[in-house]
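Laboratory data are not the source of any read-out in this text; all were calculated from the coordinates shown. This is a predicted model, so every value here is computed, not measured. Glycine also receives a Cβ, built like all others from the backbone with ideal geometry; neighbour counts cover every protein chain displayed.
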């Protein structure tokens, strides 16, 4: 794992869990396509850090009624075509 990939993983770990579950794979795919040490990698890290601040600010500053609303947790959603019984056995 390159230094850039490690930096992205550290920053990604600081994001809210629902955001990581939803966009983590896409971010990792983007990072895999970057050239290590390139200026584009630095810009991507900076953008990810800026977005991290925005995401947490939105969660903290929002009203309590809104704060409870977040992206659905894809890790807990039953996939299409899997019966409830099959899903329950897997848990």
Exercise. How high is the FRET efficiency between residue 10 and residue 77 when r is their beta carbon distance and R₀ equals 22 Å, given to the nearest 0.05?
Worked result: 0.20
Exercise. How much length is gained if the chain between residue 43 and residue 17 is pulled fully straight, taking 0.36 nm per residue apart and subtracting their Cα-Cα distance, in nm to one decimal?
Worked result: 7.0 nm
Seminar exercise, completed: From fewest to most C-beta neighbours within 10 Å, the residues 80, 54, 11 line up as 80, 54, 11
